[in-house]
Amino acid sequence: MHEHPLPQRAQVHDAPVAAIPSRLLASWQRSEDYGVSLEEIQPVFTGTLDDESLFFQCGKEVLADLHRTLASEPVSLMLTDADGLVLNRMSGDTSLLRALDAVHLAPGFSYSEREAGTNGLGLALADRAPSLVRAEQHYALSLCTYTCAAAPVLDPLTGRLEGAVNLTTWSTSSSELLLALAQSAAGSTASLMLARAQGHRPRQTPRGEVFRVEAPRLEPGAGSLDDLSPRWNETLQEALVALRAGRVVAAVGEPGCGRATLLAQAERHLRPRDRILAARAPAPQDAEAWLSLWTPELTKGHTAVVVRDVDALPAWAAERLRDLVLAAGDAAISMTAERFEDIPAALRPLVETVVQVPSLRERPADVTPIAHQVARRVRGRDVALTPAAERALHDHAWPGNVAELVEVVRSAATRTDLIDVRHLPPSVLSGTTRRLSRIEAFERDEIIRVVTQPGTSMKEAADELGMSRATIYRKIAHYDIHVPRA
């Protein structure tokens with residue numbers, strides 16, 4: 001328990017405690033726990049900015065448009081990364097910019113809750129929700145002359161937190177529309193990111209699926225393969241040993257690499273007849289219902305829980321989860337995240353063993369068996385792959401890991417009983433990593449479509465595409481196209 005029943009910041013706030021929003025009180029408490037100064041911001045300068053990311057490029061363009069509209073207003077517009085590092089700043093008010101420099105709200109400085117205490121962008125990142133922090137609501141008293149509104153930006157394809165849009169003005173200025181503007185800019189940034197991501201479909205926010213109950217007769221993952229490459233089995237054994245010892249395990253690694261599947265398989269070895277629940281992190285606005293629905297299972301001795309993507313949990317939800325786990329005593333719980341340092345601060349002390357799950361490109365021997373398993377689940381029977389298709393799948397780098405492989409094979413298996421290279425998407429057959437324009441993507445896809453047709457010679461492909469053979473060879477090299485032959 002904390003030494004004080006209320007954060008120090010609450011003790012200098014004029015309003016009755018009951019009138020202070022719960023999110024604000026929780027943020028003040030976290031700020032106090034982090035050791036943030038109540039008097040002034042103590043600057044943390046990083047200086048390393050990622051100005052080549054899709055998020056930064058799109059966000060910069062959106063804020064530039066908004067800045068032209070607000071050029072005469074005393075408002076500073078800025079982007080931050082997911083850690084609260086300020087990436088850029090725009091304002092037509094030089095006096096406001098000088099004042100923000102004095103409190104280090106400038107590019108290269110971090111304004112996360114851990115570094116700057118309660119502020120608009122720090123709270124938006126911590127809770128993954130749009131946030132407005134008015135003058136006296138800031139934790140550090142030196143920020144009480146400002147009002148800040150911020151909205152998080154999630155990658156529309158992966159759902160990963162990319163950063164935030166933050167608008168800051170004087171505390172005496174009208175702030176009614178500030179939060180709406182921040183939310184609009186964040187939404188426009190995500191939309192622009194999607195439009196420039198080669199037309200991929202956005203990740204659908206899960207609705208209704210709070211957890212999945214796996215019957216004892218099923219393999220974890222409702223049919224996932226239990227015996228794969230030595231690299232996978234070594235990692236599985238590492239998790240199994242830790243779970244058998246009663247430790248809380250965090251499986252970390254790239255999204256889609258099979259972190260939750262690994263933990264579920266380890267639990268199934270340990271608990272062949274028990275229930276295994278997988279609780280996927282919800283959208284921030286659904287976190288309250290999410291906690292109330294599945295956390296009663298923590299106290300049941302015949303149940304093991306895998307909490308997926310805890311790095312996507314709002315800070316307050318992570319704190320509630322920590323308290324529930326501690327109250328449950330010896331709850332059988334494990335969790336997944338992309339990196340250990342991304343696990344919310346409240347949950348990190350619970351973790352006793354960290355297991356690094358290898359990406360799919362680090363275990364290429366798993367690609368073919370997983371592909372056959374996915375195809376079998378789609379069609380209800382064995383589906384063959386041609387040698388050329390198997391080589392194409394094996395040689396692909398799989399940036400989206402097993403999740404990408406599952407989607408590729410599922411799409412192919414719904415159309416044929418014999419998967420060949422012509423049934424695979426262009427992204428699998430092209431090694432280019434740079435972003436293509438729509439015209440370039442169309443050209444690449446057309447070349448792949450034609451050259452993967454069975455029995456098509458390069459001369460026939462050239463005739464169909466209206467190009468010379470020399471041009472086709474040059475384009476194939478340009479797009480790094482690889483089409484294995486049978």
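At q = 0.22 Å⁻¹, what is the log10 ratio I(q)/I(0) for the stretch 362-478, with the Debye formula run over Cα points and no solvent?
Treating every Cα as an identical point scatterer, log10 I(q)/I(0) equals -1.23.
Cα-based Rg of the stretch 259-313 per 2.2 N^0.38 Å, rounded to two decimals? The partial results should precede the final answer.
Numbers: Rg = 11.9 Å, N = 55, 2.2 N^0.38 = 10.1 Å.
Ratio of Rg to 2.2 N^0.38 Å for the stretch 259-313: 1.18.
What number do you get for the stretch 67-178 when its Cα radius of gyration is normalised by 2.2 N^0.38 Å, N = residues? Before the final figure, lay out the partial values.
Details: Rg = 12.9 Å, N = 112, 2.2 N^0.38 = 13.2 Å.
Rounded to two decimals, the normalised Rg is 0.98.
Within the chain, which is the longest segment that contains none of the GluC sites (Glu not before Pro) sitting in a DSSP loop with at most 16 other Cβ atoms within 10 Å?
Looking at the chain, 210-351 is the longest stretch - no exposed GluC sites (Glu not before Pro) with at most 16 other Cβ atoms within 10 Å.
What length, rounded to one decimal in nm, is gained on full extension from residue 61 through to residue 245, with 0.36 nm per residue of separation minus their alpha-carbon distance?
61.0 nm
About the Cα centre of the chain, how large is the charge dipole given +1 on each Lys and Arg Cβ and -1 on each Asp and Glu Cβ? Please answer in debye to the nearest 20.
Values: 52 positive and 62 negative charges, 333 e Å.
Charge dipole, the chain, about its Cα centre: 1600 debye, nearest 20.
Determine the sum of side-chain charges near residue 328: Lys and Arg each +1, Asp and Glu each -1, restricted to other residues whose C-beta is under 13 angstrom from that of residue 328.
After counting each charged neighbour, the total is 0.
Put a dot 7 Å past each Cα toward the Cβ at residue 184 and residue 136; how far apart are the dots in nm?
3.0
With +1 on the Cβ of every Lys and Arg and -1 on the Cβ of every Asp and Glu, and nothing else charged, how large is the dipole of the stretch 362-478 about its Cα centre, in debye rounded to the nearest 20?
Roughly 120 debye, rounded to the nearest 20.
For residue 355, what residues show an amide H to amide H distance below 5 Å, using hydrogens built from the backbone and excluding near sequence neighbours?
250, 251, 252
To the nearest 20 debye, what is the magnitude of the charge dipole of the stretch 8-195 about its Cα centre, counting +1 on the Cβ of each Lys and Arg and -1 on the Cβ of each Asp and Glu?
Approximately 260 debye in magnitude.
With the Cα gyration tensor of the stretch 8-195 giving a ≥ b ≥ c as the square roots of its eigenvalues, does the rule (a/c under 1.5 for rounded; else a/b larger than b/c for prolate; else oblate) give rounded, prolate or oblate? Let's see the in-between values first.
Details: a/c = 1.57, a/b = 1.41, b/c = 1.11.
Verdict is prolate for the stretch 8-195.
Fewest Cβ neighbours within 10 Å first, please rank 65, 127, 342 accordingly. Provide the component values of the computation, followed by the final result.
Details: 65 10, 127 21, 342 17.
Placing the least packed residue first, the sequence is 65, 342, 127.
Hey, which aspartates and glutamates would be in cross-link range of residue 300, C-alpha to C-alpha under 13 Å, not counting anything within fewer than 8 residues on its own chain?
274, 330
Which values of log₁₀ I(q)/I(0), to two decimal places, follow from the Debye formula for the chain at q = 0.06, 0.11 Å⁻¹ with a uniform point scatterer at every Cα?
Ignoring solvent entirely, the Cα scatterers give -0.34, -1.01.
Take the Cα atoms of the stretch 348-416, find their three principal axes, and give me the spread along each one in whole Å, biggest first.
Here the Cα extents, ordered largest to smallest, are 49, 25, 15 Å.
What list of ³J(HN,Hα) values in whole Hz, one per residue of the stretch 380-393 in order, does the Karplus curve 6.51 cos²θ - 1.76 cosθ + 1.60 (θ = phi - 60°) give from phi, with Gly and Pro shown as x?
Result, ordered by residue: x, 7, 5, 10, 7, 10, 5, x, 5, 5, 4, 5, 4, 5 Hz.
What's the angle, to the nearest 10 degrees (0 to 90), between helix 469-478's Cα axis and the longest principal axis of the chain?
40
Only bridges whose two residues both fall in the stretch 211-358 count here: according to DSSP, what percent of them are antiparallel, nearest 5? Write out the running numbers ahead of the final one.
On the way: 4 of 22 bridges.
In the stretch 211-358, DSSP labels about 20 percent of beta bridges as antiparallel.
Tally the DSSP beta bridges in the chain and give the antiparallel ones as a percent, rounded to 5.
Restricted to the chain, the bridges split so that about 60 percent are antiparallel.
If the convex hull of the alpha-carbon atoms of the stretch 211-358 is projected onto planes in all directions, what is the mean projected area in square nanometres? Write out the running numbers ahead of the final one.
Details: hull surface 31.0 nm².
Projected area, direction-averaged: 7.7 nm².
Quick one: Karplus J couplings for the stretch 300-311, per residue in order, coefficients 6.51, -1.76, 1.60, θ = phi - 60°, nearest Hz, x for Gly and Pro?
These are the phi-based 3J(HN,Hα) values: 8, x, 9, 10, 10, 10, 10, 8, 8, 6, 5, 5 Hz.
Along the stretch 351-360, what does the Karplus equation 6.51 cos²θ - 1.76 cosθ + 1.60 (θ = phi - 60°) give for ³J(HN,Hα), rounded to whole Hz, x for Gly and Pro?
Ordered by residue, 3J(HN,Hα) equals 6, 10, 9, 10, 10, 8, 8, x, 5, 5 Hz.
Coordinate-derived values only; no laboratory data. Every value quoted in this text rests on a predicted model; they were computed, and no experiment measured them. In this analysis, Cβ positions are derived from the backbone assuming ideal geometry, glycine residues included, and neighbour counts consider all displayed protein chains.
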